[in-house]
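The values are calculated or read from the model by the stated rules, or taken from the named source; none is laboratory data. All values derive from a computational prediction rather than experimental measurement. Virtual Cβ from ideal backbone geometry, glycine too; neighbours counted across all protein chains shown.
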Amino acid sequence: MVQERQAVSQIPKRDENFSEWYTQVALRAELADYAPVKGFMAIRPYGYAIWEGIQSYLDRRFKETGHVNAYFPLLIPESFLQREAEHVQGFAPQVAWVTHGGDEELSERLAVRPTSEAIILPMYAKWIQSYRDLPVLLLQWNSVVRWEKSTRLFLRTAEFLWHEGHTAHRTAEEADQECRLILGIYKELLEEVLAIPVLVGIKPSSERFAGADNTYTLEALMPDGQAIQAGTSHYLGQNFAKAFNVKFLDSDNQEKYIWSTSWAVSTRLIGTLIMAHGDDRGLMLPPRIAPYEVVIVPILGKEDGKVLPAARELAKSLSARFRVKLDDRDAYTPGWKFNEWELRGVPVRLEIGPRDVAAGQAVLVRRTGGGKETVSLHQAADTVKRFLDEVQSVMFRRGNTDLDAPPGMAGTLDELVRTLEKVKGFVRVGWCETQSCEDTIKEKTGASPRVIPLDTKATGTCPVCGMPAKVFVYYARAY
Ligand SMILES: [Zn+2]
């Protein structure tokens, strides 16, 4: 029994050491592992299965809304990266360079893409001539490299997987609508699939993507009170169109620059998922994203001749509707398996022993807690469906309580400092929109401005200068 508890007992308590708890869950649930080059990680099959779930959901939604997949090169000539001034400034400190091809030194350094605007827009310049060629609604699923100094599994790694959407439009309004459409799809993914409530809005200009005129963002709140950016959608205006000379002939016979967007979510979402839902027993996965929704553990007694066939039969019938894992390994005890599948976050476990077989039932246990339930084998599929739906909504509501709590408000700078120390989460601040007031708040509180909610009218005054507030900004400490 000592050995059975080991898998879980090696994870620190979540509320005692959140950071070490996070790392141990990512490693021990076999989501990812450290790689030989510092800052890089290997994503293990169980972690990759979560990514595949995110991919397949988004792929369907993107295609339903008229987007198509393409692929662009890994390497970007340095001169291309330099064409958009803010863009290169923003990314230069993190770029990995290729300087040699074999033994031969290259005449121009090549950047390993940190993002792909500078390689995609030049292609658009070749492909777009007329208003009839617009809009272009492309994305690619790929990885990018950003040489980060301090890294953490999934949350910040030197290479990460994502998709990057790059669209070209005839008008500014159309490009802005595209940004908002994508923001809506990301919100669906976060809330309906990953069961993580988010605040959506725009970033203050200091936090925008390098080269963007506007950055839309989704911000989630983690149990330690820190915010995390879950996805972004950038309105790039004509900045990149001008840098790469992407023009089209409009129906009025005028030559015009296109309006472009770019947008992404990355494997960082897996880190967000671990933090948002995990507990002292390990990972907790919402059914809609869990690689296995149900694990079946046969409990083999002395007269076990009927248990395994019954467990196999149950697995077979449930597999028609759910992602099912039958854990029939005989080298491990049921207790060991319970711990392991709890650590790996499977939403529903079915136990079936000799007495259950005789009674035509199985015992159902939810990862979210709430006691054991008896399930008739005849109605197992419908009952499992009901419990999975319940687990999904319980997990979303848990996160929602935190985000729905009225954010702390602050009238003066002193009050704001005190509130941010006290409140585990977002604090709403009226802002006059001058940069120096934002800088003062960041410096005095250590928090950053996360999001300006959409379509909200501000009231009151800026706590720094006392001028009327033009917008509300949600501040929080952040990852
Ligand atoms: Zn101010």
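I want to confirm something. Restricting to the stretch 456-473 and keeping residues that are in a strand (DSSP E or B) and either touching an Asp or Glu at 6+ places or on another chain (Cβ under 7 Å) or within 12 Å of the ligand (Cβ to nearest atom) (or both), which single residue is nearest to TYR216 (Cα to Cα)? Steps first, please.
First pass over the stretch 456-473, keeping only residues in a strand (DSSP E or B): 461, 468, 471-473.
If we keep only those that are either touching an Asp or Glu at 6+ places or on another chain (Cβ under 7 Å) or within 12 Å of the ligand (Cβ to nearest atom) (or both) as well, we get 461, 468, 471, 473.
Values: THR461: 24, PRO468: 24, VAL471: 15, VAL473: 13 Å.
Restricting to residues being in a strand (DSSP E or B) and either touching an Asp or Glu at 6+ places or on another chain (Cβ under 7 Å) or within 12 Å of the ligand (Cβ to nearest atom) (or both), the top hit is VAL473.
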Output for Cβ contacts, cut-off 9 Å, separation at least six or different chains, first residue closer than 11 Å to VAL471 by Cβ in the stretch 426-455, second part of a helix (DSSP H, G or I) and within 10 Å of the ligand (Cβ to nearest atom), reads VAL429/ILE441; TRP431/CYS437; TRP431/GLU438; TRP431/ILE441; PRO449/GLU438; PRO449/ILE441
Residues in the stretch 111-135 that are free of Cβ contacts under 8 Å to residues at least 40 places away in the same chain, surrounded by fewer than 20 Cβ atoms within 10 Å (Cβ to Cβ) and of a type in the set (A, V, I, L, M) total 1
Item to check | Test: residue in the stretch 423-431 that is part of a loop (DSSP other than H, G, I, E, B), among the aliphatic types (A, V, I, L, M) and within 16 Å of the ligand (Cβ to nearest atom) | outcome: no
Test LEU388 against the criterion of being assigned to a helix (DSSP H, G or I), surrounded by 14 or more Cβ atoms within 10 Å (Cβ to Cβ) and at pLDDT 95 or above, and give yes or no.
yes
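Which residue out of THR374, THR383, THR412, THR368 is polar (S, T, N, Q) and at pLDDT below 95? Give the steps one after another, and end with the answer.
Working: THR374 fails: at pLDDT below 95; THR383 fails: at pLDDT below 95; THR368 fails: at pLDDT below 95.
Criteria check complete, one pass: THR412.
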With criteria (1) farther than 20 Å from LYS187 by Cβ; (2) more than 8 Å from the ligand (Cβ to nearest atom), SER436 comes up short on (2)
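Which one of these is part of a loop (DSSP other than H, G, I, E, B), hydrophobic (A, V, I, L, M, F, W, C) and surrounded by 22 or more Cβ atoms within 10 Å (Cβ to Cβ): ALA241, ALA195, ALA220?
Numbers: ALA241 fails: part of a loop (DSSP other than H, G, I, E, B); ALA220 fails: part of a loop (DSSP other than H, G, I, E, B).
ALA195 is the lone residue from the list that is part of a loop (DSSP other than H, G, I, E, B), hydrophobic (A, V, I, L, M, F, W, C) and surrounded by 22 or more Cβ atoms within 10 Å (Cβ to Cβ).
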Over the stretch 350-376, the set of residues surrounded by 19 or more Cβ atoms within 10 Å (Cβ to Cβ), touching an Asp or Glu at 6+ places or on another chain (Cβ under 8 Å) and in contact (Cβ under 8 Å) with a residue 40 or more places away in the chain is ALA362, ARG367
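Of everything in the stretch 358-380, what is in a strand (DSSP E or B) and of a type outside the set (D, E, K, R)? Give them in sequence order.
Step one: of the stretch 358-380, the residues in a strand (DSSP E or B) are 361-366, 372-376.
GLN361, ALA362, VAL363, LEU364, VAL365, THR374, VAL375, SER376 - these are the residues of the stretch 358-380 that are in a strand (DSSP E or B) and of a type outside the set (D, E, K, R).
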Residue pairs qualifying under the 8 Å Cβ cut-off, at least six apart or on distinct chains, with the first in the stretch 139-166 being free of Cβ contacts under 8 Å to residues at least 40 places away in the same chain and the second being part of a loop (DSSP other than H, G, I, E, B), are VAL144/ARG113; VAL144/PRO114; VAL144/THR115; VAL144/SER116
